[in-house]
Amino acid sequence: MSEKLTKATQFQYEQMNQMPKGEKPVFHVSAPAGWINDPNGFSVYKGKVHLFYQYHPYSICWGPMHWGHSVTDDMIKWKTEPVALAPDQEYDKRGCFSGSAITLPDGKQLFMYTSVRKEAQPDGGVRDIQTQSLAVGDGMDYEKDVRNPILTAEDMPENSSPFDFRDPKMWKCEDGTYRCVIVNDRADGTGGR
C-alpha cells in the first residue's frame, strides 16, 4: 500500500471519529470526510454491494481525486471501507477519476479508471491529460497494474482529445468476452461531450 493511500485512509478514519453523532446520514452513503463526487465501480462483489466514488478526503473543495469505498448488504446501511485508490503515481498524480469494476474469472475485482496527469503543451500551456488505468483487488486492498496507463492518446482514434478521455465502463458479455466504452471528445472540441 502506498504512503498516500495509507495517509488518506488514516485521515478519513480520524475525521470519522471526530464527527459528532447525528451529523451524518444514517441510511445514505456519505463521504467520511471532505468532498464526494461521481459514483464509480458500483458493483456486486463477493455477495456485497460495493460503491466507490470520487473523493477528496482533505477538503470540502474539489481536489486530487481518490476513490472512496462503501459497502452494504441491504442498500440502506453503508459501511465505510479504506480508501481504494489514491493519486500516488506519475500517471495519476492529478487524480483517479471515474471508472468501473467487474469480477474476473479468478475471483479478483478489476477497476478501470481515468488516470489524470499534467503535461506541458506545444503552445507553452499545461493541461490535464486523461488516460485509462487498471487496478486489481480483493474487495479491500487494490494494487495498480505495473503497465499503467493501459490506454493513452496513442490508442485513440485520429482527431481525438487526450483532455477529454474518461469514464470507462466495462462489462462481461454472455460469450465470455469483455467490452468497454470510454467517453472521448474530438480534438477540436466539437464532440458535444
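Looking across the stretch 171-186, the residues that are open to solvent by less than 70 Å² (accessible area, probe 1.4 Å) and in a loop (DSSP other than H, G, I, E, B) come down to Cys173, Gly176, Thr177.
Taking Trp62 as the residue in question, decide whether it is closer than 19 Å to Glu14 by Cα, open to solvent by 60 Å² or more (accessible area, probe 1.4 Å) and free of Cβ contacts under 8 Å to residues at least 40 places away in the same chain.
Answer is no for this residue.
For the stretch 156-170, a residue qualifies if it is on the phi > 0 side of the Ramachandran plot and surrounded by fewer than 16 Cβ atoms within 10 Å (Cβ to Cβ), and exactly one does: Asn159.
In the stretch 5-29, the residues that are open to solvent by 100 Å² or more (accessible area, probe 1.4 Å) form Cβ pairs under 7 Å with partners that are of a type outside the set (S, T, N, Q), at six or more places apart or across chains, as follows: Phe27/Ile76; Phe27/Lys77.
Residues of the stretch 79-114 that are small (Gly, Ala, Ser) and not in a strand (DSSP E or B): Ala84, Ala86, Gly107.
Here Val146 meets each of (1) open to solvent by 30 Å² or more (accessible area, probe 1.4 Å); (2) modelled with pLDDT under 95 with one exception, condition (2). Reported count of residues in the stretch 37-83, each being touching a helix residue (DSSP H, G or I) at 6+ places or on another chain (Cβ under 6 Å) and within 22 Å of Ile102 (Cβ to Cβ), is 3.
Residues checked against (1) surrounded by fewer than 11 Cβ atoms within 10 Å (Cβ to Cβ); (2) touching a Gly at 6+ places or on another chain (Cβ under 8 Å); (3) farther than 21 Å from Thr6 by Cβ; (4) aromatic (Phe, Trp, Tyr):
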site	(1), (2), (3), (4)
Ala33	no, no, no, no
Phe42	no, no, yes, yes
Val49	no, no, yes, no
Thr72	no, no, yes, no
Ala86	no, no, no, no
Ser98	no, no, yes, no
Asp128	no, no, yes, no
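When residues in the stretch 45-84 are screened for being farther than 14 Å from Met140 by Cα and of a type outside the set (Asp, Glu), 18 of them pass.
Taken together, Gly125, Gly95, Gly63 contain a single residue that is closer than 30 Å to Asp188 by Cα, within 17 Å of the chain's Cα centre (by Cα) and modelled with pLDDT under 95, which is Gly63.
Let's see how each residue does on (1) without any contact (Cβ under 8 Å) to a residue 40 or more places away in the chain; (2) within 29 Å of Gly176 (Cα to Cα):
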| position | (1), (2) |
| --- | --- |
| Pro105 | yes, yes |
| Gln109 | no, yes |
| Arg127 | yes, no |
| Leu134 | yes, yes |
| Gly139 | no, yes |
| Asp145 | yes, yes |
| Phe163 | yes, no |
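The values are calculated or read from the model by the stated rules, or taken from the named source; none is laboratory data. Computed from a predicted structure; not experimentally measured. Because the Cβ atoms are built from the backbone with ideal geometry, glycine has one as well, and the counts that use them run over all protein chains shown. Keep in mind that these areas ignore ligands, DNA and RNA; they rest on the heavy atoms of the full protein, side chains included. Shrake-Rupley method; radii C 1.70, N 1.55, O 1.52, S 1.80 Å.
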